[in-house]
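Take a look at the structure set out below.
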Amino acid sequence: MLRAILFDMDGVLFDSMPGHAFAWAKVMSEYGLPMTPEDAFENEGRTGIGTISIFTQRYWNRPATEEEARELYCRKTIVFNEYMAAHGGEPPVMPGAAEVLNKVRAHGLMRVLVTGSAQQSLLTRLEQHYPGHFTSELMVTGDDVRYGKPNPEPYLMGLKKAGATADEALVVENAPLGVRAAVAAGIRTIAVNTGPLADRLLLDEGATWLFPSMQALAEHFEEVVGGEEEG
Ligand code: CA
């Protein structure tokens, strides 16, 4: 019996990934760590220090120090905010996400947020754009976790907060490493390919369903949930 749907945030609820990918590529390259926007999509879901260390390991043969990571991540946040200021102020909501959330609520299922993001204003923004769907009790952020995706930790923590078992939940993810984390937590995962990566990358990580957009998931939501209830 299905009880909860766990939602990733960037690239699922908000169309924020183009800005993040731009900021990552620009700032990492400034520090002598060549990174393309596509690299940013492939590493999406990691914590800031996790992403930075992948590249310092590759180019400097060592993990980033905490101080380096803090400085670089701080600069990345500034560049992301500049990008957003030049592109309408804040990330747009993902088309179709409100419809998906409304269907989840109509089925009496809990909405749980599981994000690597650690912004303080997160709940305010969610409440503004998706009123009544999320609460601080049913939210796992970058501040709560030790390892972050692709480790299953954030999704296991989400299940615990919801009081649900892996069998009683589904995950909605847009990133290969996010799918990997959810699958490692034992949760069947709906991949929504809202970015530029190949579908194959999401399916190879073990996604059970794949949709090209949140609108497409909204249109097929009953089939996904109905299949669960029967099966
Ligand atoms: Ca994401």
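The values are calculated or read from the model by the stated rules, or taken from the named source; none is laboratory data. Being a predicted model, the structure only gives us computed values, none of them experimental. Cβ sites come from the backbone with ideal geometry, for glycine too, and all protein chains shown count toward neighbours.
Among all residue pairs at least 6 apart or on different chains, which show Cβ distances below 7 Å where the first residue, located in segment 168-184, is farther than 22 Å from A216 by Cα and the second is within 11 Å of the ligand (Cβ to nearest atom) and not polar (S, T, N, Q)?
Once the first residue is farther than 22 Å from A216 by Cα and sits in segment 168-184, its partners that are within 11 Å of the ligand (Cβ to nearest atom) and not polar (S, T, N, Q) give A181/G45; A181/K149.
Out of G195, G226, I need the residue that is touching a Gly at 6+ places or on another chain (Cβ under 7 Å) and either under 21 Å from L159 (Cβ atoms) or of a type in the set (G, A, S) (or both). Which one?
On the way: G226 fails: touching a Gly at 6+ places or on another chain (Cβ under 7 Å).
From the options G195, G226, the qualifying one is G195.
State yes or no: is G226 outside any loop (DSSP other than H, G, I, E, B), away from the ligand (no atom under 13 Å from the Cβ) and either of a type in the set (A, V, I, L, M) or under 14 Å from the mean Cα position of the chain (by Cα) (or both)? I'd like the intermediate steps shown before the answer.
On the way: outside any loop (DSSP other than H, G, I, E, B): yes; away from the ligand (no atom under 13 Å from the Cβ): yes; either of a type in the set (A, V, I, L, M) or under 14 Å from the mean Cα position of the chain (by Cα) (or both): no.
Against the criterion (outside any loop (DSSP other than H, G, I, E, B), away from the ligand (no atom under 13 Å from the Cβ) and either of a type in the set (A, V, I, L, M) or under 14 Å from the mean Cα position of the chain (by Cα) (or both)), G226 does not qualify.
What are the residues in segment 5-19 that are surrounded by fewer than 24 Cβ atoms within 10 Å (Cβ to Cβ), within 11 Å of N174 (Cβ to Cβ) and not hydrophobic (A, V, I, L, M, F, W, C), if any?
D10, D15, S16
Between A169, A181, which is outside the structural domain of I54 (by TED's automatic domain parsing) and within 14 Å of the chain's Cα centre (by Cα)? Write out each step before concluding.
On the way: A169 fails: within 14 Å of the chain's Cα centre (by Cα).
Exactly one residue qualifies, and that residue is A181.
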